[in-house]
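Since the structure comes first, as structure tokens, the remarks are kept for the end.
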Amino acid sequence: MLKIQIIPEQCIACGICAALFPNNFDYTDDGIVRLVQTSANELLVEGPPNLPESQKKCPTHAIRISSYKSQ
Ligand code: SF4
């Protein structure tokens, strides 16, 4: 599994993450990143496997993707 963390305070509303991964990232009315499936700022997801690309593409490091192993 992958853990997505977003830091909305660092988002500059560039739109890259939602353009690349519309099933995972969306925007508030102000254009600031939010997660599609939750109002929280982190979420465990099964994929897609290339989701770490979102972290690399975000210009302000407002997205963190890490591997998550359940106990
Ligand atoms: S890529 Fe980063 S800066 Fe751009 S909208 Fe997404 S979270 Fe915000």
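Please treat every number below as a calculation from the coordinates, not as lab data. Since the model is a prediction, treat every value here as computed from it, not as a measurement. No Cβ is skipped: glycine too gets one built from the backbone with ideal geometry, and neighbour counts run over all protein chains shown.
The table below gives the values:
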| quantity | calculated |
| --- | --- |
| Enumeration of residues in the range 20-37 that are farther than 15 Å from Arg64 by Cβ, assigned to a loop (DSSP other than H, G, I, E, B) and either of a type in the set (S, T, N, Q) or out of contact with any strand residue (DSSP E or B) (no Cβ under 8 Å at 6 or more places or on another chain) (or both) | Pro22, Asn23, Thr28, Asp29, Asp30, Gly31, Ile32, Gln37 |
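Rundown of residues vs (1) within 8 Å of the ligand (Cβ to nearest atom); (2) part of a helix (DSSP H, G or I); (3) loosely packed, with under 11 Cβ neighbours inside 10 Å; (4) over 10 Å from the mean Cα position of the chain (by Cα), yes/no style:
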site	(1), (2), (3), (4)
Cys14	yes, no, no, yes
Ala18	yes, yes, no, no
Ser39	no, no, yes, yes
Gly47	no, no, yes, yes
Lys56	no, yes, yes, yes
Thr60	yes, no, no, yes
Ser66	no, no, no, yes
Gln71	no, no, yes, yes
